[in-house]
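Comments concern the structure below.
The values are calculated or read from the model by the stated rules, or taken from the named source; none is laboratory data. Owing to the predicted nature of the structure, the values given are computational and were not obtained by experimental measurement. Reconstructed Cβ throughout: ideal geometry from the backbone, glycine too, with neighbour counts over all protein chains shown.
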2 protein chains.
Amino acid sequence: MAPMPAAMRSTRADARRNRERILEAARAAFAEQGPDAQIDDIARRAEVGVGTVYRHFPTKDALIGELIRLKLTALRDRARRKLAEGGDPGEAFRSFLREQAGVIAKDAALQQMLWAETKEAMVPVAPLYDEVNEAVGELIARAKEAGTIRADLEVDDVRTFMCGLGAIMAADARGVMPFDWRRQLEFMLDGLRAP
Amino acid sequence: MAPMPAAMRSTRADARRNRERILEAARAAFAEQGPDAQIDDIARRAEVGVGTVYRHFPTKDALIGELIRLKLTALRDRARRKLAEGGDPGEAFRSFLREQAGVIAKDAALQQMLWAETKEAMVPVAPLYDEVNEAVGELIARAKEAGTIRADLEVDDVRTFMCGLGAIMAADARGVMPFDWRRQLEFMLDGLRAP
DNA sequence: TATGATACGGAACCATGGTTCCGGTTGTCA
DNA sequence: TGACAACCGGAACCATGGTTCCGTATCATA
């Protein structure tokens, strides 16, 4: 008898597995080598042919885009979780930045690829990006209200700082120049305290 | 009679002029488009053929290297001038950072190309780089002694911050994402004040 | 102003790395 | 287990952008 029509069947197991392998390999490759990690290398790491990479992601940009989407989703969820937890607002804000920084550091190159290359990359994830900003904005608002951070702080200031920090992290991770981003973060946090 | 032997004659005037044009065009191109500005485009801006670019600078990296060298020299001289000026050490340190930041902002991509791409770029300018660090170190030492900045601040912290700021500036200049680096600088300066 | 060394322009060359294509393999369902 | 759709591997293809080459134009000197 004829097999089930395409629309009713789900993706083959090996395809699903390969997709995951590719994503993980790509993440690692970009983290180590920055934006110009090569597809060939990613395929090799995933123990997969280049053709397979291209079946799952039509272009390199699409692959990068998916990685960024995953990353941003995680960041947004972490921000919302922090909001839900409650507790001292000033401390919530500070510990949030520390945690978020730690997560970004794991593959900082990705974050950079979002804003440092071209604005095209931004387009598909813009809504997600807004959601992150919204959650962070709320964290800031609460801390301001509690009077533990300076009153003139804006979300954009935090965004700017985190982007700068990301650049530092990426360079450090690739070993091009040593940077101590944790110290940097603490200096900044001190600067953000209410006078 | 035969013309003067090569060793005694100096470079032709048009060659000297072209060299300058190329450097200026390259500076502008990199500032606008970042590290992957194209030689063809630089040549066009300088109203010169690609061949001419290559006669003056054997490779793209050599051209970039020369731009970085010029930039670093200017930064070093500015730091030393600030040291020579004297005045209140804390204020000297802060105004130095503000001025230096302003200068870097003019073509931030260059600064990034020094540390964000590959460490190879660092090699030829390492001594110059050390001289900058030395001068900045002295500025910091004086400010510490005067008790106007936090005692645990190191040159590397300033270096790290300026690199991060440079990344921000470059992205902002290329219009990929708006960043207010001046605000960022002021926040950091506040964080660096003695507690 | 004549002369030859020096410098110029830009078409052609070539390496790199993203993308396509297709013969062969594998998973899934009856 | 048979049959077919979905999937896989990787050689070949092609666009991009750095680099070379050489015939021509320009500058500086006698």
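Of note:
- So A:E66, is it more than 14 Å from DNA strand C (Cβ to nearest atom) and under 23 Å from the mean Cα position of the chain (by Cα): no
- Residue in segment A:49-61 that is farthest from DNA strand C (Cβ to nearest atom), counting only those that are free of Cβ contacts under 8 Å to residues at least 12 places away in the same chain, outside any helix (DSSP H, G or I) and under 20 Å from A:D14 (Cα atoms): A:G49
- Out of A:A79, A:A46, A:A74, one residue alone is over 16 Å from A:A135 (Cα atoms), away from DNA strand C (no atom under 13 Å from the Cβ) and of a type outside the set (S, T, Y). It is A:A46.
- For the residues A:G86, A:G34, the requirement of being at positive phi, within 14 Å of chain B (Cβ to nearest Cβ), away from DNA strand D (no atom under 16 Å from the Cβ) and not β-branched (V, I, T) singles out A:G34.
Yes or no, residue by residue, for (1) surrounded by fewer than 19 Cβ atoms within 10 Å (Cβ to Cβ); (2) modelled with pLDDT of 95 or more; (3) part of a helix (DSSP H, G or I):
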| site | (1), (2), (3) |
| --- | --- |
| B:M4 | yes, no, no |
| B:A7 | yes, no, yes |
| B:T11 | yes, no, no |
| B:R16 | yes, yes, yes |
| B:R19 | no, yes, yes |
| B:A25 | no, yes, yes |
| B:A28 | yes, yes, yes |
| B:D40 | yes, yes, yes |
| B:E47 | yes, yes, no |
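- Test for A:G87: is it over 20 Å from the mean Cα position of the chain (by Cα) and within 11 Å of DNA strand C (Cβ to nearest atom): no
- Count of segment A:126-153 residues which are more than 23 Å from A:K71 (Cα to Cα) and surrounded by fewer than 21 Cβ atoms within 10 Å (Cβ to Cβ): 11
- Take the conditions (1) facing chain A (nearest Cβ under 8 Å); (2) farther than 24 Å from B:D61 by Cβ; (3) touching a Gly at 6+ places or on another chain (Cβ under 7 Å); (4) at pLDDT 95 or above; B:G191 misses just one of them, which is (4).
- Every residue from segment A:108-135 that is at pLDDT 95 or above and among the charged types (D, E, K, R): A:D130, A:E131, A:E134
- Residue in segment A:137-158 that is over 20 Å from A:F93 (Cα atoms) and within 21 Å of the chain's Cα centre (by Cα) present: no
- Contact annotation: residue pairs with Cβ atoms under 6 Å, 6 or more positions apart or on different chains, pairing a residue in segment B:7-24 that is at negative phi with a partner that is modelled with pLDDT of 95 or more and within 13 Å of DNA strand D (Cβ to nearest atom), are B:N18/B:V48; B:N18/B:T52; B:R19/B:H56; B:I22/B:V53; B:I22/B:H56.
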